[in-house]
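Here the structure is laid out as structure tokens; the discussion comes afterwards.
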Amino acid sequence: MTYQPIKCSDYDQYELFCMHFAMVKIITTDNTLVVGNAKNLLNLKGEGEFLLIEHQEKGEQRVRLDHIKAISYF
């Protein structure tokens, strides 16, 4: 699936989450729940842009930005 660029304001919000290593809860477009700390944003050529989430027990997970349906922090 071709990457669909997201709104700049959404990207800015994700950057803030990463700067504060915020605990986030994400629901993806396929209704997968991802909970962890926002660690970094990645731009992988040919794949798209990703939010790197760090889980305490499971390590790291990439979530493609255009697959994020909802995100909240706590």
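Entry comment: accessible area of region 1-53 is 65 Å² per residue, from protein heavy atoms only and a probe of 1.4 Å. Can you tally the net charge around residue 72? Count Lys and Arg as +1, Asp and Glu as -1, for every other residue whose Cβ sits under 15 Å from the Cβ of residue 72. Net local charge, residue 72 excluded: +1. Using a probe radius of 1.4 angstrom, the carbon and sulfur fraction of the accessible surface of the chain is 51%. In the chain the longest region clear of trypsin sites (Lys or Arg not before Pro) that are loop-assigned by DSSP and have at most 11 other C-beta atoms within 10 Å covers 8-44.
Taking every C-alpha pair closer than 8 Å and separated by at least 6 residues, the mean separation divided by the residue count of the chain gives a relative contact order of 31 percent. Quick check: from the Cα gyration tensor, does region 2-74 come out rounded (a/c under 1.5), prolate or oblate? Verdict is rounded for region 2-74.
The values are calculated or read from the model by the stated rules, or taken from the named source; none is laboratory data. All of these numbers come straight from a predicted model, not from anything done at the bench. Neighbour counts run over all protein chains shown; Cβ positions are idealised from the backbone, glycine included. All accessible areas refer to the heavy atoms of the entire protein, side chains included, with ligands and DNA or RNA removed. Shrake-Rupley method; radii C 1.70, N 1.55, O 1.52, S 1.80 Å.
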